[in-house]
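The values are calculated or read from the model by the stated rules, or taken from the named source; none is laboratory data. Since the structure is predicted, the reported quantities are computational estimates derived from the model, not experimental observations. Virtual Cβ from ideal backbone geometry, glycine too; neighbours counted across all protein chains shown.
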2 protein chains.
Amino acid sequence: MKPRIITISREYGSGGREIGRKVAQALGIDFYDKELISEAAKVSGLDENLIREVEETRAALPFFNLPTLSQTSGDGYAAPLNVQDQAYLAESQAIRAAADKGPCLIVGRAADYVLAGRADCLNVFVYAGLDVRIKRVMERAGADEAGAKKTISRVDRSRAAYYHYYTGQEWGLAKNYHVALDSGYLGTEGCVKAIVGIAQEE
Amino acid sequence: MKPRIITISREYGSGGREIGRKVAQALGIDFYDKELISEAAKVSGLDENLIREVEETRAALPFFNLPTLSQTSGDGYAAPLNVQDQAYLAESQAIRAAADKGPCLIVGRAADYVLAGRADCLNVFVYAGLDVRIKRVMERAGADEAGAKKTISRVDRSRAAYYHYYTGQEWGLAKNYHVALDSGYLGTEGCVKAIVGIAQEE
C-alpha cells in the first residue's frame, strides 16, 4: 500500500527539513513543519504565541523532563497540565487533523508516534555524521565551528529527551522507523530520491 | 561515489540474508555469508570446523561477553586469545580480503565496523517487526510460534552482544549505518529495490 502520510524525524543539521520539503514537492502533497503551530492553535484554542514560545524554549534549552502529571486526580478532577504538555497535546491534535485531511509530509514533533497504529504512514529518520552537520549549521546560521557544535549537541539532546518523554522510546533507534537514511552519505538529493522511490513503490 | 562494498547487518528473521543475495545478484557482485568461514580458514590458517563451531555455538547460546584480553602483556609477550576472538580476527581478515578483491556484498559479522574508514562501503541494517519475523522463522524452520519467538530473542541477543563486544557500539542504532530498512513494511522486493537504487545512485 502506498503511504498517504510521511513523517520525518531528523537530527539537527542533517537537512531533514529540506529533504522533507523536496519530497512533499515531488509527491505533490502538503508539507507541515512550523505550519503545525498555527494549526495546533486552531484545533486546541491555545494561543499561537504560547505554542511557538514552548517550541523555541525547547530548542534553546535542553527539554526538561517534568514529572508526568496524571490528567485526572483520584476524585475525578482534571489536574492542570504544564504548558509543555498542553503544547504537545495541541500539536498532536493538529498532526492527527492534518493526516485526516489528506496526503501530507510532517516534520518532527514525534509525529511517527502520534500517528502510530495508522497503516498508511511511512516513518523516516534522517541523520548525518557530526562533521557534515557542523558544516551545514555553520553555513545556515553563520555560526563558527564551536558554536555550531554546541547548538547541535543542545538541540539533539532536547529532541531526544522530548521524544523519550512523550513516547517512552529511544530516539534514533532504527526500529522506530520504516526507513533511516544518512544524509551525509546519500546527500540531500539522494535522500529525496530514496524516499520518493519508496513512497511510490508501496 | 558508487559504493564498491555493501554490508548488511540484520535482525534474525528479517530476511536480510535473502535481500543481500538478491541485491548482489542484481548488481552482479560477489556475495559473502557462510562463504566467509572457509575464507577465514584460508587467510588465518585456523581450522574451518573450529570457526564454524564458534559461529554455531554463538547462534545456539547467547554470545558470552568474555573480558577483553589484552593482546600483549606488560613484558611484551602475547597473551593467548580465546577461540571466539581468534575466529573474529580470522573472519575480519577474510572480510578485508574480500573487500580488497572486488565489489561484493557481505552479510553479518560486524563487517560495517571491520571495514570502517573505507569510503567505498554502503552499510545497511535490515529489521522488521516481531510478528513478521516470527512468521518467517515459522515458515523457514518449521517451528511453532513459541519456538520461533524464543529463537529470535536468543539470536538477536547474541548478535547484539557480539556487535557490542567487538565494536563497543549499540547494535541497531540508525547512526551506525548509512541506510536502515524495515523489511516488514517494505517487503523483500521493496528492500532490494531501495538498496539497488541507492547503490547505483551514488
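Brief remarks follow.
- All strands (runs of 3 or more DSSP E) inside the stretch B:91-196 with 3 or more residues being touching a residue at least 60 places away in the same chain (Cβ under 8 Å) and facing chain A (nearest Cβ under 10 Å): B:121-127
- Residue check for residue B:6: at pLDDT 95 or above and in a helix (DSSP H, G or I): no
- Any chance residue A:13 is in contact with a Lys or Arg (Cβ under 6 Å, 6 or more places away or on another chain) and touching a residue at least 40 places away in the same chain (Cβ under 8 Å): yes
- For the stretch A:103-119, the set of residues classified as surrounded by fewer than 17 Cβ atoms within 10 Å (Cβ to Cβ) and either among the acidic types (Asp, Glu) or at positive phi (or both) consists of A:117 only.
- Filter result for residue A:148 (farther than 30 Å from residue B:199 by Cα and buried (at least 20 other Cβ atoms within 10 Å of the Cβ)): yes
- Selection from the stretch B:168-190 of residues that are surrounded by fewer than 22 Cβ atoms within 10 Å (Cβ to Cβ) and closer than 19 Å to residue B:117 by Cα: B:168, B:169, B:170, B:171, B:173, B:175, B:176
- Taken over the stretch B:22-54, the criterion of being among the charged types (D, E, K, R), in contact (Cβ under 8 Å) with a residue 12 or more places away in the chain and surrounded by fewer than 19 Cβ atoms within 10 Å (Cβ to Cβ) is satisfied by B:30, B:33, B:42, B:52.
- Against the test of being surrounded by fewer than 15 Cβ atoms within 10 Å (Cβ to Cβ) and of a type in the set (Ser, Thr, Tyr), the options A:158, A:153 yield a single qualifying residue, A:153.
Table: residues versus (1) hydrophobic (A, V, I, L, M, F, W, C); (2) modelled with pLDDT of 90 or more; (3) on the phi > 0 side of the Ramachandran plot.
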position	(1), (2), (3)
A:57	no, no, no
A:64	yes, no, no
A:72	no, no, no
A:78	yes, no, no
A:88	no, no, no
A:92	no, yes, no
A:98	yes, yes, no
A:122	yes, yes, no
